[in-house]
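The values are calculated or read from the model by the stated rules, or taken from the named source; none is laboratory data. Since the model is a prediction, treat every value here as computed from it, not as a measurement. No Cβ is skipped: glycine too gets one built from the backbone with ideal geometry, and neighbour counts run over all protein chains shown.
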Amino acid sequence: MTQYTKIDKKVDGIIKNVKGYMKNLSPDFIDVEIRKAYIFAKEAHEGQYRKSGDPYIIHPVEATKILLSLKPDIYTIQSCLLHDVIEDTPRTAEDIQEIFGDEVAFLCLGMEKLSKVRYKGEQREVGSLRKMFIAMAEDLRVVFIKLSDRLHNMRTLKFHPKPEKREKIALETINIFSPIADRLGLYNFKNELDQECLKILDIKNYKKIKKQLKEMEDSRESFLKNVRVEIKKILDGEVQDYEIDYRVKSIYSIHKKLTKKGIDHIEDLHDLFGIRVIVKDLSDCYRVLGLIHNKWSPLPYRFKDYIALPKPNGYKSIHTTVIGLLKEHRKQPTEIQIKTYKMKEYSDIGVAAHFEYKEKGSSIVKDIDWIKELKDLTQNIVDSDFIGSLKIDMFKNRIFVFTPKGDLINLPHGSTPVDFAYYVHTELGNHISMAKVNDKIYPLDKELHNGDFVDIIIDKNKIPSPFRISFLKTVKAKNSVKSYLKKEDKELHRERGKDIMNKYLDKLGLGVFDKDLSLLKVIDGKKYSTENRWTLLEEVGSFNITPSILLKRIIKSNKIDVKGSEAKALDSAKKKKNTHKRKVIIGGEANLKYTYCQCCKKQTLDAIVSHINSKGILTVHKRDCKILRDVNKERLLPTYVEGYESQSLEFSINFVLKNKIGMLKSLTEILFSMDINIEEIISKKIGNLNTGLSLKLVIPDYDYLIIDRLIDRVKLYYGDDLVSHSLEKIMH
Ligand code: MN
């Protein structure tokens, strides 16, 4: 058991450390303030003990020692010492506020709120993450304390008597706290948290890796010593003031990599350790890189310039992997990281490096865009949908793309040109009509990649379609589309309903509505006033009824001979086409350059499709062409020879979805936005929880790919709410 005197000594150590880095405050002030918090906490926790048998106060003190690596301000240190007082002792937030002031009380209350963050399996994890995000947006310092608290608890978790409880806490750490540490660039925290989890969850592998590392220690040391000599040889005289050190991959990342690659021994990992060259300034980074590449060959694809394109959490460095650093290890690849002292500080303490001390020992964060964004976003948190996308925003890697002027824009991975447009300006997003990426026309729903140049072309007549929500990645874009759609008024629904119905009528050869909407005069034997006729169209325009249902009622009520009119429509369409030259229409465009595939040389007229390669060259293939078997389906474009597009395909698709209000409506929205004709739609309850939706769809033959895209989009839109689906082609 640790004695109080020993704990007092630890506090002396903390005070000494703080005096060392906090030069803007008087040493006496630091001494008094820290001791005041320590004594208050010690008295409050009097009589409480840890599972290890130690007095409880050892926990906040150890947590504070961990916290010090982030060079926290005085208030954060006091709050860390006091962090369990409100939750676990009779002392209240008011007591703390009276003695330590508003800021410390605020941080302690933040900790108390976060004490309710619990891991309850995948489903509930989102709620806990949400709490963390709100805390982060309110004040990052609360999260620093929380992570220090958690790290000390993990270090001492072995004292917990119940194995299932230990496991639960480890899972909570690996699913919530470690990703947060990673996101904030607190790599030392993340690595140690992960390592402690591995000890609990998979002690066998932990021990195995540790043993292997130990066995390699001697040879690793000598390798690194020699490498240092080699690098010094080429840098001396060329670069002033530099340091060389190295880092060994963390046990948890080694474990992950071994599992992923299915290998057993760490010897087979070539990024087991990395050399770091730390230099004075930016230009030295590139000078060192040049000197190194001059002497040793870099491995292609392993070079990463995180200075030009920093990681989303702000990490900057140059990484390169070279081979043959030492003659006796000719083929050994070694990673070299090149960074300035400032960048190194960031890679040690992440986001905390952005803190600036104010007078009186308080500090504030500056210059981090995504923290500011987070603040805006958390202010209007409403539904789980939002949290879902927030989670994606924060945790998936982010990409960097450029405006035509070369401005850097940071978006979540998977963002589309529409997300980009909304990021730049809401108007740009609302009226986007086309996107050019790296000077080529690019699908609006296709994901952008790192380094893309994106140019948005707008058309004031275009407005957002509700379907966009299913492919947008950023919260901002989704919210903008939703709020735009909400603003739509009655008139707009009516006009849209009329447009939709006109398309359907025209396809049947029935022309379009006249001014009086005469076709709607009598429906199902009932007379409709002009106002009521418009209401019918409004229903279609707001997606409350499907166009084909209204169409059927029109046909029945007006006793229209469908077969006859269809034939007429087809006839006139054919006539129209025969007067044209035969054009190949690719992706809806008539004048694109293309070539025919070599093996499909005999030019066929139907069942064709185009493939667009990475250079943007279009090749027309037969659909069953062998070459297409292994290509990315995303790169196929619907294609037909003009005059040969009239055939259609019929599919029956069944979706089983979890019951939710508006489910049918959103499905019709997706279909409408994709311009897919619904022949029939039947919904049927399955048990208490699910609903089955059976659709009969008719699509033009050339657009056969749309069915796959539809299924993808439905999956994306409904997520876990889609229980199952099946597809069947109907032959005639
Ligand atoms: Mn605690």
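Pairs, please: C-beta under 7 Å, at least 6 apart or cross-chain, first residue buried (at least 16 other Cβ atoms within 10 Å of the Cβ) and in the stretch 498-512, second β-branched (V, I, T) and assigned to a helix (DSSP H, G or I)? Between residues of the stretch 498-512 that are buried (at least 16 other Cβ atoms within 10 Å of the Cβ) and residues that are β-branched (V, I, T) and assigned to a helix (DSSP H, G or I), the close pairs are I500/V540; M501/V540; L508/V562. Those strands (runs of 3 or more DSSP E) of the stretch 286-379 in which 3 or more residues are at pLDDT 65 or above and more than 22 Å from the chain's Cα centre (by Cα) occupy 318-323, 333-340.
Kindly establish whether G185 is away from the ligand (no atom under 16 Å from the Cβ) and surrounded by 19 or more Cβ atoms within 10 Å (Cβ to Cβ). For G185, the condition - away from the ligand (no atom under 16 Å from the Cβ) and surrounded by 19 or more Cβ atoms within 10 Å (Cβ to Cβ) - is met. For the stretch 425-461, name all the residues that are in contact with a helix residue (DSSP H, G or I) (Cβ under 8 Å, 6 or more places away or on another chain) and either more than 23 Å from L637 (Cα to Cα) or assigned to a helix (DSSP H, G or I) (or both). Within the stretch 425-461, T426, L428, G429, N430, I458 qualify. Scanning the stretch 674-711 for residues that are closer than 27 Å to L628 by Cβ and either of a type in the set (F, W, Y) or within 30 Å of the chain's Cα centre (by Cα) (or both) gives M674, D675, I676, Y702, Y704, L705, I706, I707, D708, R709, L710, I711.
Checked against the criterion of being closer than 24 Å to L444 by Cβ, surrounded by 14 or more Cβ atoms within 10 Å (Cβ to Cβ) and of a type in the set (V, I, T), the stretch 677-696 contains one or more residues that satisfy it. Listed by position, the helices (runs of 4 or more DSSP H) enclosed by the stretch 1-103 that each have at least 2 residues that are among the aromatic types (F, W, Y) are 4-21, 27-44.
Being more than 27 Å from the chain's Cα centre (by Cα) and more than 16 Å from the ligand (Cβ to nearest atom) is a description that does not apply to R155.
Restricting attention to the stretch 72-90, the residues that are surrounded by fewer than 18 Cβ atoms within 10 Å (Cβ to Cβ) and within 16 Å of the ligand (Cβ to nearest atom) add up to 2. Taking the numbered list (1) at pLDDT 75 or above; (2) outside any helix (DSSP H, G or I); (3) of a type outside the set (K, R); (4) closer than 26 Å to I678 by Cβ in turn, I545 passes all entries but (1).
K16 satisfies every condition listed in (1) of a type in the set (K, R); (2) more than 16 Å from the ligand (Cβ to nearest atom); (3) within 24 Å of K146 (Cβ to Cβ) except (3).
Among what's in the stretch 280-303 and is free of Cβ contacts under 8 Å to residues at least 40 places away in the same chain and surrounded by 16 or more Cβ atoms within 10 Å (Cβ to Cβ), pick the residue that is nearest to E238 (Cα to Cα). Among residues in the stretch 280-303 that are free of Cβ contacts under 8 Å to residues at least 40 places away in the same chain and surrounded by 16 or more Cβ atoms within 10 Å (Cβ to Cβ), the one nearest to E238 (Cα to Cα) is W296. Looking across K715, K685, one residue alone is part of a helix (DSSP H, G or I), basic (K, R) and more than 28 Å from L505 (Cβ to Cβ). It is K715.
With a requirement of 2 or more residues that are in contact with a strand residue (DSSP E or B) (Cβ under 6 Å, 6 or more places away or on another chain) and closer than 27 Å to G324 by Cβ, the helices (runs of 4 or more DSSP H) lying completely within the stretch 173-268 that satisfy it span 203-235.
The residue that is farthest from the ligand (Cβ to nearest atom), counting only those in the stretch 28-57 that are in contact with a His (Cβ under 9 Å, 6 or more places away or on another chain) and of a type outside the set (D, E, K, R), is P55. Within the stretch 462-513, the set of residues being touching a Lys or Arg at 6+ places or on another chain (Cβ under 6 Å) and at pLDDT below 75 comprises I469, S470.
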